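Reviewing the structure listed below.
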Amino acid sequence: MKELKSFQKKYLRGLAHSLKPVVSVGQKGITDTLIGSINEALNAHELIKIKFQDFKEKSQKKALLEIMRQKTQSQVVGLIGHAAILFREHPDPEKRKIVLPRK
């Protein structure tokens, strides 16, 4: 997946504004179950919010997000407070729900 441009991230953050978090990261951190849940949610919705329950430091959240991004082949759209936004385009063009702006 190619890197998102800043205007595309802004567009996706706007779409994510009304979304509720579908995955929560608790004190156990990143587990195989968590990665599986993120993958399922990305396949179903393409754009998801993740809530950090027990991680308050921004550096901790960024480190966890980088691991999640790599393991799920997704892109981080934003980190606002204790919520992160991830995006991964559906591999099947016919099942894609979100059309990214080109310019």
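The values are calculated or read from the model by the stated rules, or taken from the named source; none is laboratory data. What you see is a predicted model; the values in this text were computed from it and never measured. Because the Cβ atoms are built from the backbone with ideal geometry, glycine has one as well, and the counts that use them run over all protein chains shown. Each accessible area value is taken on the protein alone, full model and side chains, heavy atoms only, with ligands, DNA and RNA left out. Shrake-Rupley method; radii C 1.70, N 1.55, O 1.52, S 1.80 Å.
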Discussion item. Please verify whether Lys2 is more than 26 Å from Ser59 (Cβ to Cβ) and of a type outside the set (Gly, Ala, Ser), treating the condition exactly as stated.
Written reply: yes
Worksheet, complete the sentence: Taking first residues from the stretch 31-43 that are within 23 Å of Glu94 (Cα to Cα) and second residues anywhere that are in a helix (DSSP H, G or I), the pairs with Cβ under 6 Å that are 6 or more apart or on different chains are Ile38/Thr72; Asn39/Thr72
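Consider Arg96 carefully, then state whether it is of a type in the set (Lys, Arg) and surrounded by 11 or more Cβ atoms within 10 Å (Cβ to Cβ).
Yes.
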Worksheet item: For the stretch 20-39, which residues satisfy the criterion of being open to solvent by less than 40 Å² (accessible area, probe 1.4 Å) and of a type in the set (Val, Ile, Thr)?
Response: Val23, Val25, Ile35, Ile38
Worksheet item: Restricting the search to the stretch 78-90, which residues are open to solvent by less than 10 Å² (accessible area, probe 1.4 Å) and either more than 18 Å from Ser24 (Cβ to Cβ) or in contact with a His (Cβ under 6 Å, 6 or more places away or on another chain) (or both)?
Response: Phe87
Practice prompt. Taking only the stretch 50-77 into account, find how many residues are surrounded by fewer than 17 Cβ atoms within 10 Å (Cβ to Cβ) and small (Gly, Ala, Ser).
Written response: 2
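Against the definition (surrounded by 15 or more Cβ atoms within 10 Å (Cβ to Cβ) and not charged (D, E, K, R)), how does His17 come out, yes or no? Give the derivation first.
Details: surrounded by 15 or more Cβ atoms within 10 Å (Cβ to Cβ): no; not charged (D, E, K, R): yes.
When the stated conditions are applied, His17 does not pass them.
Would you mention how many residues in the stretch 1-22 are among the charged types (D, E, K, R) and outside any helix (DSSP H, G or I)? Steps first, answer last, please.
Here is the first cut: in the stretch 1-22, the residues among the charged types (D, E, K, R) are 2-3, 5, 9-10, 13, 20.
Next, from what is left, pick out any that are outside any helix (DSSP H, G or I): 2-3, 5, 20.
Looking only at that region, the number is 4.
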